[in-house]
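Input: a single structure, listed below in structure tokens.
Please treat every number below as a calculation from the coordinates, not as lab data. Keep in mind it's a predicted model, so treat the numbers as computed, not measured. Using ideal geometry, Cβ is built from the backbone for each residue, glycine included, and neighbour counts are taken over all protein chains shown.
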Amino acid sequence: MVKKTIKLNLDYLKLSKKIIIFLAIITFFISSKGLSILYLFLLADLFCCSAVLTVFYSFYNQTIKEKSAYISIIIGLTIGLLLFPSPDFSKSILIGILFPAELFPQFIVNSLLFASFLSATFFPLLTWKIK
């Protein structure tokens with residue numbers, strides 16, 4: 001088995017400092033919007049939901065390709081973000097903004113957070129066999 005590695009002549013300390021500064025700028029921008037801490041934690045939980053099955057599956061199955069893992073996590077994030085509720089928990093991008101809420105069953109409209117977590121967790125399963 002041939003392992004592919006990328007050999008870069010980088011100063012990883014400087015690179016990590018730049019990444020931290022970039023993340024701090026994003027954090028300050030988001031925090032300036034005045035969102036509640038609970039909402040931000042729920043958003044972070046959505047990111048974790050989209051990656052959890054793929055990460056643990058790749059521990060036990062070495063045949064999953066890196067490309068498939070990336071694609072599955074991105075698809076999980078995308079589907080989850082489409083259903084993730086707005087800060088007032090009344091609508092999401094998909095339900096209420098792109099399409100009227102009347103087109104969807106009432107239990108989905110009332111539980112957008114649960115639907116977004118559920119879809120972000122299980123939609124990546126569909127992409128594991130992509131080559």
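Structural remarks
- Dipole size of the chain about its Cα centre, with +1 on Lys/Arg Cβ and -1 on Asp/Glu Cβ: approximately 800 debye, rounded to the nearest 20.
- Where labels lie 7 Å past Cα in the beta-carbon direction, separation of PHE28 and GLN62 in nm: 4.6
- Folded to 0 to 90 degrees: helix 66-83 orientation relative to the chain principal axis, Cα: 20
- P(r) tail, the chain: Cα-Cα pairs separated by more than 22 Å, 54% of all pairs.
- Positive-pole candidate from SER31, PHE56, PHE84, dipole of the range 18-129, charges at beta carbon: PHE56
- Surrounding net charge for SER116, when Lys and Arg each add one and Asp and Glu each subtract one, Cβ distance under 14 Å: 0
- Between 0 and 90°, nearest 10: helix 37-60 axis offset from the chain longest Cα axis: 50
- Relative contact order for the range 51-131, counting Cα pairs under 8 Å that sit 6 or more residues apart, in percent: 43
- Seen against the Cα atoms of the chain and their longest principal axis, helix 12-31 is set at about 10 degrees.
- Sequence-distant residues sharing a close amide H with PHE84 (under 5 Å, placed H): ILE93
- 16 Å Cα cut-off, lysine pairs counted over the chain (separation 8 or more, or different chains): 8
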